[in-house]
Amino acid sequence: MSAHMLAVSVGITQRQAQRILAKLKKDGQIVRHGATKNGYWEVVK
């Protein structure tokens, strides 16, 4: 799911979704597995 799709489904702007995802990545709460096109995000905590 892209940041744009996430933003639309939640009802926030795309930039807000990008900020939230960046913070989750920085804090180690989500981890990316695989390549850009066929990878997935794992929620760690």
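Out of (1) more than 12 Å from the chain's Cα centre (by Cα); (2) surrounded by 12 or more Cβ atoms within 10 Å (Cβ to Cβ); (3) at pLDDT below 95, the odd one out for GLY34 is which? If we test GLY34 against (1) more than 12 Å from the chain's Cα centre (by Cα); (2) surrounded by 12 or more Cβ atoms within 10 Å (Cβ to Cβ); (3) at pLDDT below 95, just (2) comes out false. Considering the conditions (1) out of contact with any Leu (no Cβ under 8 Å at 6 or more places or on another chain); (2) part of a helix (DSSP H, G or I), ALA17 is excluded by exactly one of them, (1).
The values are calculated or read from the model by the stated rules, or taken from the named source; none is laboratory data. The structure displayed is predicted, hence computed values, not measured ones. Every residue, glycine as well, gets a Cβ built from its backbone with ideal geometry; the counts of neighbours run over all protein chains shown.
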